[in-house]
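Bear in mind these aren't lab numbers, they're just calculated from the coordinates by the rules spelled out. Values in this document were obtained by computation on a predicted structure and should not be read as measured data. Cβ sites come from the backbone with ideal geometry, for glycine too, and all protein chains shown count toward neighbours.
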Amino acid sequence: MSFLEFLGKVGVASAVAGFAYWLVQKLLDEKFARRLEDYRHAHAISAQNEKIRLDLYNRRFEIFSSIFDFYEAVLSWKGNPEQVAARTRFFRAYQESGFLFRKESGIEDLLKKLNDDANKVIGFKEHGDQLKADPALYLKQLDETGYILTSVFSEALTKLKLAMSEYLNFHNIDQ
């Protein structure tokens, strides 16, 4: 066998070996690319789920914080724009609570009761003068208003803190 024949055989073998190497490398690259795409997809889903959980947490916390603004507004009710805005914000929060908390939590019912009781206080503060012609009724409404402001809100806030703790606990934001 001549040197040229030897190089010819080696060249074919090298070409076959090179082609086999290229084919294996291509398969490995495709497999790596699929795995990388799967990882990126899983990571994107995980990040999206985390964002949804945090957004849900923030919306639930906004409901909780709206109670304090509303209570302050009711306490010193004059019907000014800031108080009306706090009232509107609380009413929306109460309505939204039905979508953000399980029915069994009782949160929506507690917020409804607070809204109804606060409206009694606001009604008395806006129209209480009309009751002065009947002192007994006026005093009854005044007492009820005082009770709502001093006891009902306090009791409801305690119940709400307990009911919402499952949803707002910083140790458990994945609900």
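In table form, for the structure just shown:
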quantity: Ranked ILE148, ILE107, criterion: other C-beta atoms within 10 Å, fewest first; calculated: ILE148, ILE107
quantity: Protection proxy ranking, peptides 115-121, 39-45, average beta carbon neighbours within 10 Å, highest first; calculated: 115-121, 39-45
quantity: Taking segment 73-175 and dividing mean pair separation by its residue count, relative contact order in percent (alpha carbons under 8 Å, at least six apart); calculated: 27 percent
quantity: Kirkwood Rh in Å, taken over segment 71-115 so that all alpha-carbon pairs contribute; calculated: 11.2 Å
quantity: Which of ALA86, LEU75, MET164, positive extreme of dipole for the chain (C-beta unit charges); calculated: MET164
quantity: Lysine pairs with alpha-carbon atoms under 13 Å apart, the chain, spacing 8 or more or separate chains; calculated: 6
quantity: Bins of 5 Å, starting at 0 and running to the largest distance - Cα pair percent for the chain; calculated: 1, 7, 11, 12, 10, 8, 7, 5, 4, 4, 3, 3, 3, 3, 3, 3, 3, 2, 2, 2, 1, 1, 1, 0, 0, 0
quantity: Cleavage-rule hits, trypsin sites (Lys or Arg not before Pro), segment 60-119, DSSP coil, Cβ neighbours within 10 Å at most 13; calculated: LYS78, ARG102
